[in-house]
Amino acid sequence: MKQVLVLGGSGFVGGHVCEKLVRAGYRVTVITRKAVHARCVMHLPGLTVLESNIHDEAALGRAMAGMDAVINLVAILHGSPAAFVHVHQDLPAKIARACVATGVAQLVHISALGMNTAPAQTAPSNYLRSKAVGERLLADTLGWGQGGTGACGLTVLRPSVIFGANDKFLNVFARLQAVFPVMPLAGADARFQPVWVEDVASAVLQSLAQGLGQGPAMQVYELAGPQVYTLRQLVQFAARSSGIAQGRGRPVVGLPLWMGRIQAFVLGLMPGEPVMSQDNLDSMRLDNVVTGSLPGLEALGIAPSTLEAIGPQYLFPDPATQGLLGLRNRHR
Ligand SMILES: NC(=O)c1ccc[n+]([C@@H]2O[C@H](COP(=O)([O-])OP(=O)(O)OC[C@H]3O[C@@H](n4cnc5c(N)ncnc54)[C@H](OP(=O)(O)O)[C@@H]3O)[C@@H](O)[C@H]2O)c1
């Protein structure tokens, strides 16, 4: 039975990946900063949760001993420039060094669409810049830089925005529209090609199996759904699918960039994860759609699902599970 270490297995995509790994017969270990974060996967049969400091290279090496493969799903969407470097650059470099030191055969790394249209240094946001540099560090450290041949296989998956039950994207826009009568929206014309979380998880499994089966190689895939939408269309879709205002949704008012920046500043002062940060606005200056120059889901044998088929299945609100917002939904 192949052994797989998953970093970020407690997250949105991680839960789906872990479930598929267990079903496919892998022995899975999820390494997490706090065991309680992994409660959504700890019930999976045979899955081990390991609480550790994943930024400690020696601890990473210990966790990787005996593993056939490593999957890295760790990322942040908000934070200081230093935090982006720490999580998206320093950590992948440590993971790569630990993979080499421990003889791991295959590393699957989840990156993001959008950084490949420009050299890393010129990407418009901390998120995209650090993701791009992280990819390069991985390739170089594993020996795949400048046409080299690494000892450890590397698959990089670059998804567009990911949708699915519990996503923090369409669900958030649906909840906001349940509360506010109007949706002021910065970056309304930014373009995305949303991909279903189950398709992303299948891509992880497929690339893992290929990598372990074929011997070391480096592959990069762009993961996206069949259709491109503007952010405005996605916000309207979220409202329609969740029945806001009898399915009509709220008026969406596009904000100019300067107003969007003020909105992001104010949101950033509030407790919890901001809905939209300055850095998110910067990321949206690049289209989040496939370039077409790299293989996609189809190359992994996966037919991408449409947003129209999946979205309404999880966006329609269940008032019993929505707390105070549920109260409002019931009286809408
Ligand atoms: N969701 C999307 O729409 C989307 C789009 C494009 C690309 N992606 C990429 O897909 C991957 C998975 O995304 P996701 O949405 O599943 O992310 P997520 O739900 O936010 O989970 C990310 C995981 O990273 C770990 N993590 C967060 N901050 C950390 C830190 N400072 N140090 C160490 N670990 C930390 C957390 O694990 P613990 O708390 O257990 O330690 C968490 O489970 C990421 O690489 C992301 O960039 C996502």
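Read-outs: derived from the displayed coordinates by stated rules, not from any lab. Model, not experiment: these values are computed from the prediction. Here the Cβ positions follow ideal geometry from the backbone for every residue, glycine too, while neighbour counts run over all protein chains shown.
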Going through the range 16-34 one residue at a time, which ones are touching a residue at least 40 places away in the same chain (Cβ under 8 Å) and within 9 Å of the ligand (Cβ to nearest atom)? H16, V17
Anything in the range 162-182 that is within 16 Å of the ligand (Cβ to nearest atom), surrounded by fewer than 21 Cβ atoms within 10 Å (Cβ to Cβ) and of a type outside the set (D, E, K, R)? List them, or say none. A165, N166, F169, N171, V172
Those helices (runs of 4 or more DSSP H) lying entirely in the range 144-263 with at least 2 residues over 30 Å from I95 (Cβ atoms) and not charged (D, E, K, R): 170-179, 231-241
Residues that are assigned to a loop (DSSP other than H, G, I, E, B) and either surrounded by 14 or more Cβ atoms within 10 Å (Cβ to Cβ) or within 11 Å of the ligand (Cβ to nearest atom) (or both), drawn from the range 1-15: K2, G8, G9, S10, G11
The condition from (1) more than 10 Å from the ligand (Cβ to nearest atom); (2) more than 16 Å from the chain's Cα centre (by Cα); (3) over 19 Å from L138 (Cβ atoms); (4) not in a loop (DSSP other than H, G, I, E, B) that H37 misses is numbered (1)
